[in-house]
Amino acid sequence: MRGVASLEDLCRAAAAQGAKQLALTDTNGLYGAVRFVETARQHGLEPILGAELVHGAHRAVCLAKDAEGYANLCRILSERHCEKNFAAIDAIARHRRGVIVISDDLAAVKTWSEASREDIYVELTPGPRMHEAVKFARALKLPPVATNKVHFVKAEDYALHRLLRAIDLNATLSRVPESECCAPDAWLMPLARLERYYAHVSEALANASAIAAGCRSDWDFKETIFPAFRALSDAEAFALLKEKTYAGARRRYGGLPDDVLERIESELAIIRDKSFSHYFLIVDEIVGARMTCGRGSAAASIVSYALGITDVDPVRHRLQFERFLTRTRNDPPDIDVDFPWDERDDVLAWVFDTYGGKGAAPAKIAMVGNQNTLALRGALREVAKVYGIAPGEIDQNASVILKRLNFLRMAESPEGESWAESLCELKEFAAPWPEILDRAFRVVGHFRNLGLHCGGIVVVPDEIRKYVPVEISAKKIPVLQWEKDQVEDGGLVKIDLLGNRSLAVVRDALKAIRENAGIEIDYHTWNPVDDEKTRDFIRRGDTIGCFYIESPATRLLLKKLWTTMPAHLKEKADVFEYLVAVSSLVRPASITFVNEFVRRSHGVPYDPLHPLLEQALAETHGIMVYQEDVANVAVALADFTPSEGEHLRKILNKKHKQLQLKDYRERFFRRAMEKEVAPAIVERIWKMIMSFAGYSFCKPHSASYARLSFKCAYLKAHHPAEFMAAVISNEGGFYPTFAYVSEARRMGIEFLPPDVNASAWAYTPAGKNIRVGFMQIKGLERAWIDKVLAERNAAGPFRSLNDFHARTRPGLAALRLLIKAGCFDSIAGGLTRPALLWRAHALAAGKEGDDLPAPRDFSEQQKLKHEIELFGFPLRRRALELYRSPRVDACVPARDLARHAGRSIAMAGILVSEKMTQTKKGDLMEFVTFEDLTGIYETTFFPGAYRKYYQLLEGGRPFLLHGRVEEEFGTFTLNIAGVERLDMRRGAAILEVDSPERPDGFTAAQTRSLGGRLPAAGQNPPRA
Amino acid sequence: MPRQIVCFQVPSLHIAVARASAPALCRRPVAVAPPTARAVLFEVSAEALAEGVCAGMPLDLARLRCPGLKIIAPQSEAVPAAHAAVLESLRYFSPIWEPIRPGHFYLDLTGTARLFGRAVDTAARMEKDVLERHHLSGVAGVATNKLVSHIAADAVVKPPDLCGVDPGAEKTFLAPQPVAALPSLHRLCGGKTPDFLEMLGELDLTTLGKVAATPPGHLELVVGPRSRLMQQWAAGFDPTPVWPAERRPSLEVSYTLAPDELDDAALLAALYGLLERLCRQLRARERLSAGVRLDVVQSDGVEFSGRAPLAAPSHWECDLYPVVEKLYFRLFHRRVRVRRVVLAAEKLAEQSRQFSLFPEQPPEENLKQQRLAAALDAVRARFGKNAVSWGSV
């Protein structure tokens, strides 16, 4: 949070000033080294790698003269971040080979020069201390060098620099110490201007040129650094991998059929040739016997399947190994593995323990970094904080600004000023908001801090600190200064070890089934794909809670696909294969292809986009579904080589892709037109290719996920209580907890209230019902509850409040929560909850007494209020029941939606989830899911309705909806015309609608006369 | 003889003053907010309150909630004048009066029955007098102490009206009142009033009657050592006198920043202005302060308060300012703008008229500062408070 300019701006400005070389010296890091090399070359500059080392009172600029210098620089910086007793002077002295040291830290320079004067320079920077530095350099006869400690491109960016410092230091502008800021003239001055400062010491500028000429600038990070498994040679590693693969394949297939054998041999040959044996063995060792789910293209490998890294049979599902690895592919693919989310930290701990280096052995492992940058939301918040805006006001205005941003169809970083001005005028944002907005746009995209990638690790054969500087994260994990893309472009091979909540759901459900029903299901051999009841659940889209296929979009697509599919096709159709396609098809940019896919699946004849693509897309009815379709289409239509096609696919998912993509586009168009494909067709196909940018799957990945989806659906179909308890307990699903509770209730499951003698931390199945766990009570600490449960298991159930207190010594706050949640009702001995609370206060004060007050119990309304406060939803009643009124009762229930197709109706519902999207024209619209007492239903807010009502929508709130029922492929949705919020206090709808064509016949004025009133903060309809 | 205390209030004084000169504002929702960016309401009329608008609410939100809301600027000149005018009317009835805030007073009518009649009748005369002479509707509570008279005045639904509580009937009057009606409740719970009220509600201690009826030992379990005080209040017992001006234990001045401010230099400048006002009042009353209290209220209503003693009692800015500045930096860490500052001189003592035989000579610089302050006092006394102000070159 010091430098203001982007790499692009810096390089452009330096090139414009006629510079030939440019050194980028991040403070204590090489955060942008790979990207800098790339950007500098694009601007015709020779990149010099270096860093500004700052530690305590010491400071030096270190430049890498050669490869050894680079490794040493990485070591110095790693020590700076990782060693508690780091001493800058000593560290540079130990790692000086190949490093040019420039410093105005005179004491340090003196120490270094005493050991050797080679590559030591005295730094002269314009300012009051320059004279002293010149004197020192002349006294010690050390060469001076001119620098300007550049922090920004233009002088006027100093204010932005101060703002960044204030953000970084959590301070206001008036409280940023001067010592924390650079000098106001630390900008990229042209040489002519800089020369004025060095008239009396002109050799300083000459030395700067000489240093630049002497530093290496042809940096190349293309060489792949493979890990090494237990110091085995390549041949030994391959032999071990082969042995393990054959053993695993025999276990999986019960023998080795010819096709399996052939596939194994062909894969092993490529793995050997590409030196991937070590990599597979390391991943195999990490996975062990754990419950996992392979991600990405590795699921196409039979070797992965045999080793147990993935769980989907690539032979049966026709997954191509070439998607993962080919002889011609230059960039190494990575293997991604999902573990149950709560086991992943243990897995990481084991890996770091194994490869982390012990004693004198260097560490070979670090996690991939995440270079967190300020997005617009974060930038607004941070700048507003510097300007002293209160948190509530920040939330409110940031929300309005971001929503408005979408309406104006701006890109993520629009040209701020004019837009900010118009927005401030439009929304009447008062000072200092216009200034905040302006500043926020200027800091968007700025590096904020180094975080951890969600699961990527890098293992190298020797010493990780010589490739990239390493830091220690807040979780005490070593982390690389590079993010995913730089790691890959830097030649390091990444292994993704990720957390997956649904794996934990399956694990917990299987355990509960074993304990409750005595049924043992083995995760590794269990095959739910052929179970008819499970298939039915999937065909119906009855998949709330099921991994990856529970979103409204996926459930609707499943319903569309299967509800109206002709019987003869339905008989033959493979549910699993379709699920694989559906998993890939539901992605933001593919919405326009979804209905076409359904139509073609139902046997409607179609013409392929171009005859050349007929073969490439035959499996998916001529529609591009999987990532590999990008490569296949590029090969078929534009004669790309498979390697080029693969590279095109890969750069679609990169952040810094524009330049490369431009080249590929030009090549794609040129070659396709050479094959006489019409420009309009090429354009259309290119757009389809672009729809894969950012978020898309390859087929092996989808197949792997579909298998886990099937397992979840099986559990939901056959063991609903165990499954739903596990879904709610593991949290983090697509829907909020209350929606899963409602879904379970619709499945006939009842929820039993929490109880000190019956509840666990998590939700637990109780016969066919579910017992609410302590986790649902907001404010309770897990560690303390674990102690309570241990005490209960050791010494039996609690007999009374006093007994509980004596055995667990709770704090008053925890005891109040438990009493209000009803956890003591079963052992209250006739005392009401308020009476128990009196006794809790007495116990907390160390007093007991039988004469304590015994007030009457809380009213039903108070108990419901406590439930909503503590659980987030009412437990003993359905939320919508609290809002009943004659108008709500007159609404059409969700279960009858199909009977009203084509009609305008009113429905009541609690908002469950929202999914915003764009029309072809770029207008915003939203798909919103609601539930009432009879079911869950989908609604569509087309742009008009969305613009009108978006500010009203809020998860978990009840609404009265007016609209027309639309039917499509046997599915029914409500096309919204009007929205009213329901209010419990008044028992009537609050006016939110001013629509002339309200389907219920009420005019706005009439509704107002019902007691309508404008809603609370931030929930008002937009102004006209 | 039981005391007779009147709490006289002109509710929403800014609005009342505005309505007195502009009758069109009557019977419609009105709120007061400074004409600055991101303003919050600091006073609302009963009609606005009924529309869901309340004091402390951001102006934008208030407009959304109540589109017909009429916003008026603070009546910064008219309100002090009205306050003085009302006081002038009230002083006729008692020499012992204590201002609470603009338009709100306690008056001790003990012993005036033979002169003016019963206290409730006097209070009614006060209301009539203020209404007729100044066109301001007041409410009054009459009781045997300040606490009950305050709650009685608050209980009046619509001005002009009054509520009298007969001696001995305090407990009966307070019994159905909610605990939240206690004017100094925040003193019992360290400012966490909502949490405190919720906890009392859980224990069915919702009214002052229930609190009064709870055995002291039981209440102590919940409220702690302050249970005794709370129970006294709930029973209607409050021995504090109506302080005449010269005996008040503290003196405070406040300043509302419009717009709210964050910059240290601007805030310290505002604070110095307050300090000058405070010191001027101390000097005018020939009193010395031995300690200062600073309250900082931020834009979102979060409030910080701190106290600091002075090395020696003083009424000079040069002695108080270093303490105030230190207190400011100690209190103000949170990155949220400041809306209001309150500065109080505490532990007041009368200036001794006896000179010391061996006086300690203050440093020359302090003497200069003191002479300058005295000169400024003289200029302002003659030409008005804004006649001279500080600047820098």
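Consider segment B:6-52 and keep the residues that are over 18 Å from B:HIS135 (Cα atoms) and charged (D, E, K, R). The one that is modelled with the lowest pLDDT is B:ARG38. Criterion first (in contact with a Pro (Cβ under 7 Å, 6 or more places away or on another chain), away from chain A (no Cβ under 14 Å) and over 17 Å from B:VAL148 (Cβ atoms)) does B:ARG228 satisfy it? Taking the combined requirement at face value, the residue satisfies it. Being free of Cβ contacts under 8 Å to residues at least 12 places away in the same chain and either more than 27 Å from A:PHE738 (Cα to Cα) or not assigned by TED's automatic domain parsing to the domain that holds A:ASN757 (or both) holds for only one residue in A:ARG809, A:ARG856, A:ARG903, A:ARG799, and it is A:ARG809.
Cβ-Cβ contacts under 6 Å between residues 6 or more apart (or on different chains), taken from a first residue in segment A:674-702 that is free of Cβ contacts under 8 Å to residues at least 60 places away in the same chain to a second residue that is assigned to a helix (DSSP H, G or I) and not β-branched (Val, Ile, Thr), are listed as A:VAL682/A:PHE669; A:VAL682/A:ALA672. The set of residues from segment A:214-250 being closer than 11 Å to A:LEU281 by Cβ, without any contact (Cβ under 8 Å) to a residue 24 or more places away in the chain and aliphatic (A, V, I, L, M) comprises just one member, A:ALA239. Under the condition of being in contact with a His (Cβ under 8 Å, 6 or more places away or on another chain) and not in a loop (DSSP other than H, G, I, E, B), the residues counted in segment A:80-102 number 3. The residues of segment A:647-697 that are surrounded by fewer than 13 Cβ atoms within 10 Å (Cβ to Cβ), over 30 Å from A:SER6 (Cβ atoms) and of a type outside the set (D, E, K, R), listed by number, are A:ALA678, A:PRO679, A:ALA680.
Suppose we keep only residues that are farther than 12 Å from B:VAL296 by Cβ and in a loop (DSSP other than H, G, I, E, B) within segment B:333-354. Which one would you say is nearest to the other protein chains (Cβ to nearest Cβ)? For segment B:333-354, the residue satisfying everything is B:ARG335. Counting the residues of segment A:933-947 that are in contact with a Pro (Cβ under 6 Å, 6 or more places away or on another chain) and outside any strand (DSSP E or B) gives 1.
When A:ASP395 is tested against (1) modelled with pLDDT of 85 or more; (2) farther than 23 Å from A:ARG947 by Cα; (3) of a type in the set (Asp, Glu), only condition (2) is not met.
Condition first: surrounded by 17 or more Cβ atoms within 10 Å (Cβ to Cβ) and not small (Gly, Ala, Ser). Now tell me which residues in segment A:965-979 satisfy that. Can you show your working first?
The first filter runs over segment A:965-979 and keeps only residues surrounded by 17 or more Cβ atoms within 10 Å (Cβ to Cβ), leaving A:965, A:969, A:971-974, A:976-979.
Answer for segment A:965-979, where residues must be surrounded by 17 or more Cβ atoms within 10 Å (Cβ to Cβ) and not small (Gly, Ala, Ser): A:VAL965, A:PHE969, A:THR971, A:PHE972, A:THR973, A:LEU974, A:ILE976, A:VAL979.
Considering (1) within 11 Å of chain A (Cβ to nearest Cβ); (2) touching a helix residue (DSSP H, G or I) at 6+ places or on another chain (Cβ under 8 Å); (3) surrounded by fewer than 20 Cβ atoms within 10 Å (Cβ to Cβ), the lone condition that B:LYS210 does not fulfil carries the number (2). For segment A:888-903, the count of residues that are buried (at least 16 other Cβ atoms within 10 Å of the Cβ), farther than 15 Å from A:GLY956 by Cβ and touching a Lys or Arg at 6+ places or on another chain (Cβ under 6 Å) is zero.
Evaluate segment A:225-243: report whether one residue or more is farther than 30 Å from A:LYS494 by Cβ and either more than 14 Å from every other protein chain (Cβ to nearest Cβ) or of a type in the set (Ser, Thr, Tyr) (or both). No, segment A:225-243 contains no residue that is farther than 30 Å from A:LYS494 by Cβ and either more than 14 Å from every other protein chain (Cβ to nearest Cβ) or of a type in the set (Ser, Thr, Tyr) (or both). Between A:ILE819, A:ILE777, the distinction of being more than 35 Å from the chain's Cα centre (by Cα), β-branched (Val, Ile, Thr), under 23 Å from A:ARG877 (Cβ atoms) and crowded, with 18+ Cβ neighbours inside 10 Å belongs to A:ILE819 only. Scanning segment A:837-848 for residues that are on the phi < 0 side of the Ramachandran plot, at pLDDT below 90 and more than 7 Å from chain B (Cβ to nearest Cβ) returns a single hit, A:GLU848.
Tell me whether segment B:67-84 contains one or more residues that are within 14 Å of another protein chain (Cβ to nearest Cβ), in a loop (DSSP other than H, G, I, E, B) and farther than 26 Å from B:HIS134 by Cα. Let's see the steps before the verdict.
Residues of segment B:67-84 within 14 Å of another protein chain (Cβ to nearest Cβ): B:67-69, B:71.
When the remaining residues are screened for being in a loop (DSSP other than H, G, I, E, B), the result is B:67-69.
Okay, now just the ones that are also farther than 26 Å from B:HIS134 by Cα, so B:67-68.
Checking segment B:67-84: at least one residue is within 14 Å of another protein chain (Cβ to nearest Cβ), in a loop (DSSP other than H, G, I, E, B) and farther than 26 Å from B:HIS134 by Cα.
Please return the ranges of helices (runs of 4 or more DSSP H) entirely within segment B:189-295 where 3 or more residues are under 21 Å from the mean Cα position of the chain (by Cα) and assigned by TED's automatic domain parsing to the domain that holds B:VAL342. Outline the logic, then answer.
Details: elements: B:193-202, B:208-213, B:216-223, B:227-234, B:264-284.
Qualifying helices (runs of 4 or more DSSP H): B:264-284.
Evaluate segment B:164-187: report whether one residue or more is more than 30 Å from A:GLU860 (Cβ to Cβ), touching a residue at least 24 places away in the same chain (Cβ under 8 Å) and assigned to a strand (DSSP E or B). Scanning segment B:164-187 turns up at least one residue that is more than 30 Å from A:GLU860 (Cβ to Cβ), touching a residue at least 24 places away in the same chain (Cβ under 8 Å) and assigned to a strand (DSSP E or B).
Restrict the check to segment B:279-298 and report whether at least one residue is within 14 Å of chain A (Cβ to nearest Cβ) and either in contact with a helix residue (DSSP H, G or I) (Cβ under 8 Å, 6 or more places away or on another chain) or surrounded by fewer than 16 Cβ atoms within 10 Å (Cβ to Cβ) (or both). Break it down into steps so the answer makes sense when it comes.
Step one: of segment B:279-298, the residues within 14 Å of chain A (Cβ to nearest Cβ) are B:296-298.
Subsequent filtering for residues that are either in contact with a helix residue (DSSP H, G or I) (Cβ under 8 Å, 6 or more places away or on another chain) or surrounded by fewer than 16 Cβ atoms within 10 Å (Cβ to Cβ) (or both) retains B:296.
Checked segment B:279-298: at least one residue is within 14 Å of chain A (Cβ to nearest Cβ) and either in contact with a helix residue (DSSP H, G or I) (Cβ under 8 Å, 6 or more places away or on another chain) or surrounded by fewer than 16 Cβ atoms within 10 Å (Cβ to Cβ) (or both).
Among the residues of segment A:867-885, those that are at pLDDT below 90, of a type outside the set (Gly, Ala, Ser) and farther than 18 Å from A:ALA744 by Cα comprise A:LEU882, A:TYR883, A:ARG884. Assessment of segment A:305-313 against the conditions (assigned to a helix (DSSP H, G or I) and either among the hydrophobic types (A, V, I, L, M, F, W, C) or surrounded by fewer than 16 Cβ atoms within 10 Å (Cβ to Cβ) (or both)) yields at least one matching residue.
From the list B:PHE358, B:PHE304, B:PHE329, the one residue that fits, being part of a loop (DSSP other than H, G, I, E, B) and aromatic (Phe, Trp, Tyr), is B:PHE358. Applying the condition of being under 25 Å from the mean Cα position of the chain (by Cα) and over 19 Å from B:ALA16 (Cβ atoms) to segment B:35-55 and asking which residue is nearest to the other protein chains (Cβ to nearest Cβ) yields B:ARG38.
Tell me the residue from A:ALA206, A:ALA237, A:ALA210 that is at pLDDT 90 or above, among the hydrophobic types (A, V, I, L, M, F, W, C) and under 20 Å from A:GLY308 (Cβ atoms), please. It would help to see each step written out before you state the result.
Numbers: A:ALA206 fails: under 20 Å from A:GLY308 (Cβ atoms); A:ALA210 fails: under 20 Å from A:GLY308 (Cβ atoms).
None of the others qualify; the one that does is A:ALA237.
Within the set B:PRO95, B:PRO102, the sole residue that is under 26 Å from B:VAL148 (Cα atoms), surrounded by fewer than 19 Cβ atoms within 10 Å (Cβ to Cβ), touching a Leu at 6+ places or on another chain (Cβ under 6 Å) and more than 14 Å from chain A (Cβ to nearest Cβ) turns out to be B:PRO102.
Every residue in segment A:181-231 that is of a type in the set (Phe, Trp, Tyr) and in contact with a strand residue (DSSP E or B) (Cβ under 8 Å, 6 or more places away or on another chain), please. The answer is A:TRP187, A:TYR197, A:TYR198, A:TRP219. Of all the criteria given as (1) buried (at least 17 other Cβ atoms within 10 Å of the Cβ); (2) away from chain B (no Cβ under 13 Å); (3) outside any helix (DSSP H, G or I), the one not satisfied by A:GLY830 is (1).
The values are calculated or read from the model by the stated rules, or taken from the named source; none is laboratory data. The shown structure was predicted, so the numbers you read here are calculated from the model rather than taken from an experiment. Virtual Cβ from ideal backbone geometry, glycine too; neighbours counted across all protein chains shown.
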